[in-house]
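Colleague: Here it is, the structure in full.
What follows draws every value from the coordinates through simple rules; no lab data is involved. Since the structure is predicted, the reported quantities are computational estimates derived from the model, not experimental observations. Please note: Cβ atoms are built from the backbone with ideal geometry, for glycine as well, and neighbour counts cover all protein chains shown.
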Amino acid sequence: MIFIGTTCILILIFVTTILDTILTVAGIKLGYIEEANPLLANAFHNNPEISAILIILLISLILCFLYKVQHKVKWMKTPLAVICLLKIAVLRAHMGWIYLIIKAAE
């Protein structure tokens, strides 16, 4: 059972998306990572900053739409919670390469 509300999950997805996007751009620009999503890899390779802005805008629009329809779609909470958990796992992966950088600098 999920004990937090749909609105809170939507906010968490938004925040994790921003963090993921910022860390992805930083990791690509520093040469530590590559975009793992094959649909986004080319865009991030060519122009990471513009790609990041477009992704954040697109996700914002989608999340606003989901916020407006959340009371009409009763089953939405569980899939959003799964997405949120996946986004947290991606952030954990980012922490892995950041940890390696910090460890190498010691």
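Colleague: Sorted from largest to smallest, which semi-axis lengths in Å does the alpha carbon gyration tensor of the stretch 34-76 give for its equivalent ellipsoid, taking the root of 5 times each eigenvalue?
Modeller: 29, 12, 5
Colleague: Provide Rg and Dmax in Å for the chain, with only Cα atoms included in the calculation.
Modeller: Both quantities, over Cα of the chain: 15.5, 53 Å.
Colleague: For the chain, please report how many Lys pairs fall under 27 Å Cα to Cα, leaving out neighbours fewer than 8 apart on the same chain.
Modeller: 8
Colleague: Could you calculate the FRET efficiency of residue 46 with residue 7 from 1/(1 + (r/R0)^6), where r is the beta carbon distance between them and R0 is 25 Å, rounded to 0.05?
Modeller: 0.10
Colleague: With runs of 4+ DSSP H residues as the only contributors, calculate the mean residue ellipticity of the chain at 222 nm using -39,500 (n - 2.57) per run, divided by the residue total and rounded to the nearest 500.
Modeller: Calculated from helices alone, the mean residue ellipticity at 222 nm is -28000 deg cm²/dmol.
Colleague: For the chain, what's the relative contact order in percent, using C-alpha pairs closer than 8 Å and at least 6 residues apart?
Modeller: Numbers: 64 pairs, mean separation 45.9, N = 106.
Across the chain, relative contact order equals 43 percent.
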